[in-house]
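Some notes on the structure that comes next.
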Amino acid sequence: MKTLLFLCTGNYYRSRYAEELFNHGAARIQLTWRAQSRGLAVERGVNNVGPLSPFALEALKDRGLVARAGDRFPQQCTALDLEAASHIVALYELEHRPLIRQRFSVWESHVEYWHVADVEIVPPKVALTAIDRQIDVLLSRLRSS
């Protein structure tokens, strides 16, 4: 089983949604990959309430999915998480590349960067739909490799 690691800032909204969506999709197509997610700066999520963003929960429900790890609280990324991953995706290059450079500089060039901004910049429906598309492309790419 290979591990995919999704990264965002607080591990509350985008990376958690990507993790859940990927794991449901991978199971559906019997792909031998499992996603995890972590935050690059969990301490910045002081306004996050509960273990998982209501936006992510609602989007999963709209897609007929239940969060399998919905009761897990956000987790801070460590070097061990990066080392254990077969592939790493950061959800928003503009925000996350500087955090990776600052906290895990040797990993900066080993990360695939997406362009899905946080809720302050892009409405959740737009961001989560973009993640849907990216996950579809990623699942297809991993399936054919």
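All of the numbers you see were taken from the coordinates with simple rules; none came from a lab. This one's a predicted model, so the numbers in the text were calculated from it and none came from an experiment. Because the Cβ atoms are built from the backbone with ideal geometry, glycine has one as well, and the counts that use them run over all protein chains shown.
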Tell me the label-point distance for the pair residue 129, residue 93, using the 7 Å Cα-to-Cβ offset, in nm and rounded to one decimal. 2.3 nm
Quick check: pseudo-label points 7 Å beyond the Cα along Cα→Cβ at residue 112 and residue 79, how many nm apart are they? 2.6 nm
Taking neighbour counts of Cβ atoms within 10 Å as a proxy for exposure, in what order, fewest first, do 112, 19 appear? 112, 19
Modelled FRET efficiency - R0 22 Å, residue 61 with residue 27, Cβ distances, 0.05 increments: 0.80
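So for 53, 140, 105, fewest C-beta neighbours within 10 Å to most, what's the order? Could the numbers behind the result be given before it?
Numbers: 53 22, 140 12, 105 9.
Exposure proxy ranking, most exposed first: 105, 140, 53.
Would you please classify the overall shape of the range 1-130 from the alpha carbon gyration tensor, given that a ≥ b ≥ c denote the square roots of the eigenvalues, rounded means a/c under 1.5, and beyond that prolate means a/b larger than b/c while oblate covers the rest? Spell out each step's value before the answer.
Values: a/c = 1.56, a/b = 1.14, b/c = 1.37.
Oblate.
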Treating the beta-carbon of each Lys and Arg as +1 and of each Asp and Glu as -1, no other charges, what is the dipole magnitude of the chain about its Cα centre, to the nearest 20 debye? 340 debye
With the 8 Å Cα cutoff and a minimum separation of six or more residues, the chain has a relative contact order in percent of 29 percent
Given the C-alpha centroids of the range 32-55 and the range 127-145, what is the distance between them in whole angstrom? 19 Å
Using Cβ counts within 10 Å as a stand-in for footprinting exposure, how do 32, 78 rank, fewest first? 32, 78
